[in-house]
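Take a look at the structure below.
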Amino acid sequence: MDTRPPLAAARDAIAAARRIVIFTGAGMSAESGVPTFRDALTGLWARFSAEALATPEAFARDPELVWGWYEWRRARVRAAQPNAGHGAIAEFAARRAAEGSGGVTVVTQNVDDLHERAGGPAAVHLHGSLFAPRCSACGAPGEFALADPVEPEGGRRLAPPRCEQCGGALRPGVVWFGEGLSEAAWRAASQAMDACDLVLCVGTSALVHPAAALPEQALRAGATLLQVNPGHTAFDALARFNLKGSAATVLPALLC
Ligand code: BV8
Ligand code: ZN
């Protein structure tokens, strides 16, 4: 029976680990003011769930409503700053690289760029990015009509820009429900999970698959699982340490 306080024991487990994966979800960005997927939508989209809107069917049915939502989210992310949790991960990864004490890989379900803007290692983005629109017809990368969208609080419908190659409508560069994840992202995440000896899960409800199966893959490969989350998730039963708290408060104490 481990009698040390959980935070101290978790810090020791991290110090002893050679290869660490930090697996993050929407809760990682909550303290930056970016709504999580569990939060109810607001404004123009209040009558929808994120799961219903983040689908090819919703975009086909009403491209202006869906494109407007993603531009509103992109504006929110641009206006947001990385929080102390993103900063702690970035500092931790840099320190371990400098000490040569083993690699840190960030695997995120998030489509924002806050890990990168905090100076952390380029994250593996399982669900794509708000900042990489592509043509819905030919797949060519596209350009935003507004480099810096300033969206009114309640949001607005916006016609998606057209592809310069074929004239098709641009779509967000994210993975929608019912779409497969990118082979490259999945392979990078899967290899990192198989090679790690500790996986730290931060701010994920562990509900969305196949991403939610990745930490269990690490466990099967012999890794220890730690979790940072103020709420309860399916990872509670799998975690050696469950640190009940928010990313911006727990991660600086855990990693720095
Ligand atoms: C696929 C991009 C097949 C878009 C996203 C039934 C059972 C199992 C699976 C399914 C099922 N029915 C359907 C499915 C499949 C479906 C799925 O998993 N559905 C779920 C909802 C049941 N999955 C798919 O459709 C996937 N594709 O299966 O395709 C296929 C295969 C091959 C070829 C063709 C087709 C695609 C899934 C990807 C969907 N896209 N994002 C966009 O962003 O608009 S997922 C979306 O949810 C976000 O990326 C988000 O990150 C992700 C998961 O949510 P979380 O990150 O966990 O966030 P959430 O809000 O849920 O929770 C927040 C957590 O943070 C909470 O625990 C909270 O307590 C905590 N928290 C809050 N504040 C803080 C905090 N923690 C720390 N600090 C805080 N301050
Ligand atoms: Zn095109």
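The values are calculated or read from the model by the stated rules, or taken from the named source; none is laboratory data. From a predicted model like this one, the values you see are computed outputs, not experimental measurements. With ligands, DNA and RNA removed, areas are computed over all heavy atoms of the protein, side chains included. Shrake-Rupley method; radii C 1.70, N 1.55, O 1.52, S 1.80 Å.
General observations
- For the stretch 199-214 and the stretch 142-193, distance of Cα centres in Å: 22
- Looking at the stretch 172-256, the accessible area is 40 square angstrom per residue; that uses a 1.4 Å probe and ignores ligands, DNA and RNA.
- Helix axis angle, 63-79 relative to the chain longest principal axis, alpha carbon, degrees: 50
- The stretch 86-214 shape via C-alpha gyration tensor axes, a/c threshold 1.5: prolate
- Apportionment of accessible area to carbon and sulfur, the chain, percent (1.4 Å): 55
- Amide H contacts of Cys201 (H built 1.01 Å from N, under 5 Å, at least 5 apart or other chain): Phe23, Leu226, Gln227, Val228
- Average accessible surface for the stretch 2-64: 51 Å² per residue, computed with a 1.4 Å probe over protein heavy atoms with every protein chain in place.
- The angle between the Cα long axis of helix 6-16 and the longest principal axis of the Cα atoms of the chain comes to about 90 degrees, rounded to the nearest 10.
- Once C-alpha pairs closer than 8 Å and six or more residues apart are averaged by separation and normalised to the residue number of the chain, the relative contact order reads 26 percent.
- Between Val150, Val174, Val21, the Gaussian network model of the chain with springs among Cα atoms under 10 angstrom shows the greatest mean-square fluctuation at Val150.
- Each residue of the stretch 38-43 was assigned a 3J(HN,Hα) from its phi angle through the Karplus curve 6.51 cos²θ - 1.76 cosθ + 1.60 (θ = phi - 60°); the sequence is 7, 6, 5, 6, 10, x Hz, with glycine and proline shown as x.
- Anisotropy class of the chain from Cα gyration tensor, a/c 1.5 cut: prolate
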